[in-house]
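First comes the structure, then the notes that go with it.
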Amino acid sequence: MHNSHESAIGQSFYKIPRFSGRIVGIWPMYKRSWATNLICAFSFFVILVGACGENLYGIANLDNLIRALEAFCPGSTKAVSVLKLSIFVIHHREWHELVERLRVILYSSRSYEAQKTLVSKSTIANRLSLLLVSSGSITNTAFNIQPLIMGLYRWAYGIPGQVDLPFNIILPAFATMPSFFPLTYLLLTASGACTVFTFSFVDGFFLCSCLYISGIFRVIQLDIRSIFFPLDELEIYTPSENDQIRTQLVGIVERHNAIIDLCTDITRQFTVIVLMHFLSAAFVLCSTILDIMLSLAVAGTLYDIEWYKCDVATRKMILMILRRSQRAKSIQVPFFTPSLPAFSSILSTTGSYIALLKTFL
């Protein structure tokens, strides 16, 4: 049983993040091959093209806020993915060292209960990481196939028009010419896919690291209990028993110090990533909510048309639409309604909690 669990934790160690990271060439290695660097360079290029083009499109269309937000949401995600990819490539040896240190600590506990606990944590981590890859891939697939479906529909019914690109983006004029259009479409498809694998790797890596560390702390608790459990019925420990306890506690103290140092190093490496990820996620969330709340613009459009030229029945219909559109739509979530004031309050509260928790560390 011991060997099977040790094998299981080895097979599941960063399984899903490792898969995603190798696809885009950023899985931590001590020495990177030319093939890995080539894959990474291609991923960096296509994501950077998407990030620049989509954010430029949003800036150029600020007069049409809906179109701008539709470009900024994926564009900001790709911009942060460029940052994440760069950090992991530049510091690949430091990341490799952290992975190996964590691997050693995970394997240092040989008991069945310890390995069972760690396997359970690893299974949860990989399932959540798989959810990241799956949800991102589904979203990217939807972006890529929607223009194709619309183009097929127009072709089937003889409606004039051409296939649009999967993302709102500004590109050089030659990139949208008929001869280059298929290649451009494929590159943008690759840009979305590389973005998915980059953020699923980085976020999955962070998620797995946190759950592994949590499992190690649980194992330390188990080891402490196992030291004192045989001595529960004794009222006072003898000198020999105290010596034995101290000897066993030395190993626990060493592992405890090692995992604390590892936590510090991982936190230091992830500081910028977590900050940018939080800001980009908040921006995407607020942009999406704001996009929905822009239903108020329908009222302005109705008011600007020459409605006074219509008969009474048509005016009543316009008035009904006008009144309904003046009620801003919002996404209802438990405990609060998303809005700009609520977002500001969340940021303020989060900062306060972080400052409070930091005083205890």
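Could we say that T123 is of a type in the set (S, T, Y) and over 24 Å from I260 (Cβ atoms) here? Break it down stepwise before answering.
Numbers: of a type in the set (S, T, Y): yes; over 24 Å from I260 (Cβ atoms): yes.
Considered against the rule, which asks whether it is of a type in the set (S, T, Y) and over 24 Å from I260 (Cβ atoms), T123 comes out as yes.
Okay, residues lined up against (1) over 23 Å from L106 (Cβ atoms); (2) in contact (Cβ under 8 Å) with a residue 24 or more places away in the chain; (3) of a type in the set (F, W, Y):
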residue: S120; (1), (2), (3): no, yes, no
residue: A125; (1), (2), (3): no, yes, no
residue: S137; (1), (2), (3): yes, yes, no
residue: A156; (1), (2), (3): yes, no, no
residue: I170; (1), (2), (3): yes, yes, no
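Among the candidates E235, E241, E254, which residue alone is outside any helix (DSSP H, G or I) and either closer than 30 Å to S111 by Cα or out of contact with any Phe, Trp or Tyr (no Cβ under 7 Å at 6 or more places or on another chain) (or both)? On inspection, the qualifying residue turns out to be E235.
Considering only residues in the stretch 169-185 that are open to solvent by 40 Å² or more (accessible area, probe 1.4 Å) and part of a loop (DSSP other than H, G, I, E, B), the one that is nearest to G53 (Cα to Cα) turns out to be I170.
Selection within the stretch 113-136: residues that are over 21 Å from V196 (Cα atoms) and not aliphatic (A, V, I, L, M). The member of this set that is farthest from the chain's Cα centre (by Cα) is E113. Mind checking whether some residue in the stretch 123-132 is more than 25 Å from L222 (Cα to Cα) and in contact with a Ser or Thr (Cβ under 6 Å, 6 or more places away or on another chain)? Looking through the stretch 123-132, at least one residue is more than 25 Å from L222 (Cα to Cα) and in contact with a Ser or Thr (Cβ under 6 Å, 6 or more places away or on another chain). Across the stretch 52-96, which residue is least open to solvent (accessible area, probe 1.4 Å) among those that are closer than 12 Å to I26 by Cβ and over 16 Å from the mean Cα position of the chain (by Cα)? Among residues in the stretch 52-96 that are closer than 12 Å to I26 by Cβ and over 16 Å from the mean Cα position of the chain (by Cα), the one least open to solvent (accessible area, probe 1.4 Å) is W95.
Being open to solvent by less than 80 Å² (accessible area, probe 1.4 Å) and not aromatic (F, W, Y) is the requirement here; does L188 meet it?
Details: open to solvent by less than 80 Å² (accessible area, probe 1.4 Å): yes; not aromatic (F, W, Y): yes.
Yes; evaluated as a whole, the condition is true for this residue.
Taking the stretch 218-230 as the range and being under 32 Å from the mean Cα position of the chain (by Cα), more than 11 Å from L118 (Cβ to Cβ) and open to solvent by 60 Å² or more (accessible area, probe 1.4 Å) as the test, only Q221 passes. Of the residues that sit in the stretch 98-122 and are exposed (fewer than 15 other Cβ atoms within 10 Å of the Cβ) and out of contact with any helix residue (DSSP H, G or I) (no Cβ under 8 Å at 6 or more places or on another chain), which one is nearest to V24 (Cα to Cα)? Here the residue is E100.
From P147, P166, which residue is within 19 Å of L48 (Cα to Cα), at pLDDT below 90 and open to solvent by less than 30 Å² (accessible area, probe 1.4 Å)?
Working: P147 fails: within 19 Å of L48 (Cα to Cα).
Of P147, P166, the one residue that is within 19 Å of L48 (Cα to Cα), at pLDDT below 90 and open to solvent by less than 30 Å² (accessible area, probe 1.4 Å) is P166.
Total residues in the stretch 19-75 satisfying the condition of being hydrophobic (A, V, I, L, M, F, W, C) and on the phi > 0 side of the Ramachandran plot: the figure is 0.
Of the residues making up the stretch 79-113, those that are touching a Lys or Arg at 6+ places or on another chain (Cβ under 9 Å) and either part of a loop (DSSP other than H, G, I, E, B) or under 22 Å from F217 (Cβ atoms) (or both) are I105, S108, S109.
Counting the residues of the stretch 153-163 that are buried (at least 16 other Cβ atoms within 10 Å of the Cβ) and of a type in the set (F, W, Y) gives 0.
Restricting attention to the stretch 239-270, the residues being within 30 Å of V82 (Cα to Cα), free of Cβ contacts under 8 Å to residues at least 12 places away in the same chain and open to solvent by less than 80 Å² (accessible area, probe 1.4 Å) number 2.
Does I259 satisfy the criteria of being touching a helix residue (DSSP H, G or I) at 6+ places or on another chain (Cβ under 7 Å) and at pLDDT 80 or above? Break it down into steps so the answer makes sense when it comes.
Details: touching a helix residue (DSSP H, G or I) at 6+ places or on another chain (Cβ under 7 Å): yes; at pLDDT 80 or above: yes.
When the stated conditions are applied, I259 passes them.
The values are calculated or read from the model by the stated rules, or taken from the named source; none is laboratory data. Small disclaimer: the values here were computed from a predicted structure and weren't measured. All Cβ positions, even for glycine, are placed from backbone atoms using ideal geometry, and neighbour counts span all protein chains on display. The protein model used for the area step is the full one, side chains on, heavy atoms only, and it has no ligands, DNA or RNA in it. Shrake-Rupley method; radii C 1.70, N 1.55, O 1.52, S 1.80 Å.
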